[in-house]
Ligand code: T1G
């Protein structure tokens, strides 16, 4: 057996142990499938072998099919065939599930006659998150093993279950904290001579009405999801047709889904997220600095949320305020935030106590002295930040990474104030910091490579999706958002109303449109930023000047009533907008949703092209990850740069030229890179060749 074989074969006491070795996640690519099929045939043929165990190397049993194979011509043997082959074996086959068994990985285990899991194992069928459905028998075997209703939930929602829950469901036969392979081998031997328990032959689908009720609930939960619809169809087949026909139906649905744009976008986003964590241009061998303790400066909403991220990850964190009263308020806000999770049932009191114990409240910057990473989250005011970093530069221990949570300000200027710019960078969290997954890691001109690697590694550890961006106004996300905001203003003056803009964008797939989003953030926030940089926005400024601050005082682009959160169109706003249009000499017109969407999104794409040109972002996928995880871009549309490629850069460029001609706003002219790619009939994806260093 060559050392690099993807499946290792060893026989002990009559048990053939087939161990998958395909790092990093034992994906079931063509080589693994071929080797697995060969090893199964060999085990079946060898007289000395009485039973078979399928095991895996590393901490993952298998991450499923090799997603990079999708969209290419299928290579035999296909996974369903390999699993079907197991079904026919006369010798018992037991899966030793050492870690995550996801997608095809779990389907492989379902094809075995029994499953033994380690306590850390997680089992799931997340194909729905890739715009697919389980395509190797999962829709037919899982319902027969654990019941159609529980199987449907696992497939339609795509979330894994832990070992204990899997045991309770009957998904695994035992949980083994000792020698897993030995336990699986013993279990396999205990099955020798008995009729194999094939999941395909099981019949405990459970009551049909329970399944139909679950199907209705899943359709209501995710109404326009073709994967959910396909999964329901396939599981229903388990009631209505023989196993082989159900498999064929599953296969047909899979082939349809794998080809559609929705799945291509979701698979693209899956890899773009992981690619973003590999810092382009980092010198080979750069190692992150160790981080055992964090400190957060500022116990406000952001600071408290950031401290929670560390506590949630089990990392001790010191929350620092300027006085005891402010600290008290900050800690109380954190405690209350955990309280909401307890009320929702997603956290226990014990977990809250455990996390609160990891957050130490202190007054004064000196408390940051023992932290390995310090994150400043004070008021968004440059002089204040410079003052904090000047002190931190002296207080923080050598090698500590000093991060500012600024949304817009110049990280290089803040770094200079610290006196140790190599340790300084930006870590831009998104509100609420304990919920939003995006983390823009802002690389200063003098940021040391290992400081940058540390911030990215910490970002992953605290369950964020880190994206490295460069220093510029608004970095990546907010800079593109500002471009959208300018066009939103124009559209309002030219004839659209807030509800028109927001409905068009929500129909595109966002959960919230620009006007409702500004109301949520507070119209005073945008007003302060515009004033600081000398920009005007006639409608937004007029709303602010009329005392309309958004949700916080019940009136903004919309009316919210007392403490309300539901945006209601407001005739006062319509009148205000019409007045401003008159003042600008504009005759308002009805604007079609298609035009609204193009005019809100193409300027963002254009700004994204400039961000790539300037090297503020290293890859188009990084920009897409920013928008997917920080601004609610619909995942099934892949991100602004992916979407631009779907539309075609030629059309995007032509529309931008038209917008520029009409508005005389030269910033709407296509960026050089966009123009160049369009002329070469290429897409942004052709730039993604930037390999990880
Ligand atoms: N195929 C190809 N590459 C994969 C992969 C996969 N299934 N899973 C992970 N990778 C790569 C990933 O891009 C990264 O690459 C590296 O492995 C480490 O990943 C027929 C059709 C298993 C829980 O959806 O959830 O089976 O950046 O950083 O944090 O019905 O990976 O290092 O170059 O995420 O330890 C269904 C997807 C597939 C599971 C491990 N399976 N993977 O997490 O590592 S479709 C999934 C994960 C299917 C069948 C259907 C996680 C993980 P690089 P990582 P991790």
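Picking from 673, 649, 612, which residue would you name as being touching a residue at least 12 places away in the same chain (Cβ under 8 Å), outside the structural domain of residue 515 (by TED's automatic domain parsing) and more than 30 Å from residue 453 (Cβ to Cβ)?
Matching residue, one of 673, 649, 612: 649.
Among what's in region 73-88 and is farther than 13 Å from residue 200 by Cβ and surrounded by 13 or more Cβ atoms within 10 Å (Cβ to Cβ), pick the residue that is nearest to the chain's Cα centre (by Cα).
My answer is 79.
Would you mind finding the one in 147, 137 that is within 12 Å of the ligand (Cβ to nearest atom) and on the phi > 0 side of the Ramachandran plot?
Among 147, 137, only 137 is within 12 Å of the ligand (Cβ to nearest atom) and on the phi > 0 side of the Ramachandran plot.
In the set 304, 285, 314, which member is away from the ligand (no atom under 15 Å from the Cβ) and at pLDDT below 95?
Result: 285 is the single residue among 304, 285, 314 that is away from the ligand (no atom under 15 Å from the Cβ) and at pLDDT below 95.
In this structure, does residue 280 turn out to be modelled with pLDDT of 95 or more and away from the ligand (no atom under 11 Å from the Cβ)?
Taking the combined requirement at face value, the residue does not satisfy it.
Go through (1) away from the ligand (no atom under 14 Å from the Cβ); (2) at pLDDT 95 or above for residue 266 and report which single condition fails.
Of everything listed in (1) away from the ligand (no atom under 14 Å from the Cβ); (2) at pLDDT 95 or above, residue 266 misses just condition (1).
Across region 100-123, what is the number of residues that are more than 8 Å from the ligand (Cβ to nearest atom) and farther than 14 Å from residue 196 by Cβ?
Of the residues in that region, 11 qualify.
Restricting to region 16-35, and then to whatever is away from the ligand (no atom under 14 Å from the Cβ) and closer than 19 Å to residue 180 by Cβ, can you tell me which residue is surrounded by the most Cβ atoms within 10 Å (Cβ to Cβ)?
Filtering region 16-35 for residues that are away from the ligand (no atom under 14 Å from the Cβ) and closer than 19 Å to residue 180 by Cβ, the one surrounded by the most Cβ atoms within 10 Å (Cβ to Cβ) comes out as 16.
Looking at the structure I just gave you, is residue 615 touching a strand residue (DSSP E or B) at 6+ places or on another chain (Cβ under 9 Å) and assigned to a loop (DSSP other than H, G, I, E, B)?
Considered against the rule, which asks whether it is touching a strand residue (DSSP E or B) at 6+ places or on another chain (Cβ under 9 Å) and assigned to a loop (DSSP other than H, G, I, E, B), residue 615 comes out as yes.
Where in region 509-594 are there helices (runs of 4 or more DSSP H), lying fully within it, with 1 or more residues that are surrounded by fewer than 13 Cβ atoms within 10 Å (Cβ to Cβ) and not assigned by TED's automatic domain parsing to the domain that holds residue 225?
Where helices (runs of 4 or more DSSP H) fall fully within region 509-594 and carry at least 1 residues being surrounded by fewer than 13 Cβ atoms within 10 Å (Cβ to Cβ) and not assigned by TED's automatic domain parsing to the domain that holds residue 225, they are 523-533, 538-545, 571-583.
Run down 346, 341 and say which single residue is in a loop (DSSP other than H, G, I, E, B) and either in contact with a strand residue (DSSP E or B) (Cβ under 9 Å, 6 or more places away or on another chain) or surrounded by fewer than 19 Cβ atoms within 10 Å (Cβ to Cβ) (or both).
346
The values are calculated or read from the model by the stated rules, or taken from the named source; none is laboratory data. What you see is a predicted model; the values in this text were computed from it and never measured. Using ideal geometry, Cβ is built from the backbone for each residue, glycine included, and neighbour counts are taken over all protein chains shown.
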